[in-house]
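The values are calculated or read from the model by the stated rules, or taken from the named source; none is laboratory data. Every value quoted in this text rests on a predicted model; they were computed, and no experiment measured them. Backbone-built Cβ (ideal geometry, glycine too); neighbour counts: all protein chains shown.
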Amino acid sequence: MTARRLELYGSRSCPRTADLREHLEWRNESFVEYDVETDSEACRRLQELIPGSMAVPVLVENGMVTTVGWQGRSCIVSRGQLHRAHKS
């Protein structure tokens, strides 16, 4: 069985990123976290994964997006600023 590779794309400014990180840690999941506001390469990869959207957090499993936002909420990264968004 191949191990899962989990990547968390988010922002330190986004409380939803913190919530998803806490959930993964509680489940004892191994993951790599990227801050798209401070890591331009991670920001570029996120744009390739979900073109046209800069919603965080984003959870990627083995190269495939599995989760955008957390529990119906997300933050939008835009021009170095973060805006909280709620999905209706």
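What the table below lists for this structure:
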item: Residue satisfying all of: in region 10-20; charged (D, E, K, R) and surrounded by fewer than 17 Cβ atoms within 10 Å (Cβ to Cβ); nearest to Met54 (Cα to Cα) among these; result: Arg12
item: Residues satisfying the stated conditions in region 10-55, i.e. hydroxyl-bearing (Ser, Thr, Tyr) and in contact with a helix residue (DSSP H, G or I) (Cβ under 7 Å, 6 or more places away or on another chain); result: Ser11, Tyr34
item: Cross-chain or 6+ apart pairs with Cβ under 8 Å, region 1-29 first and over 16 Å from Thr67 (Cα atoms), then among the acidic types (Asp, Glu); result: Arg12/Asp35; Arg12/Glu37; Ser13/Glu37
item: Qualifying residue in region 38-55 (condition: of a type in the set (D, E, K, R), modelled with pLDDT of 95 or more and within 14 Å of the chain's Cα centre (by Cα)); result: no
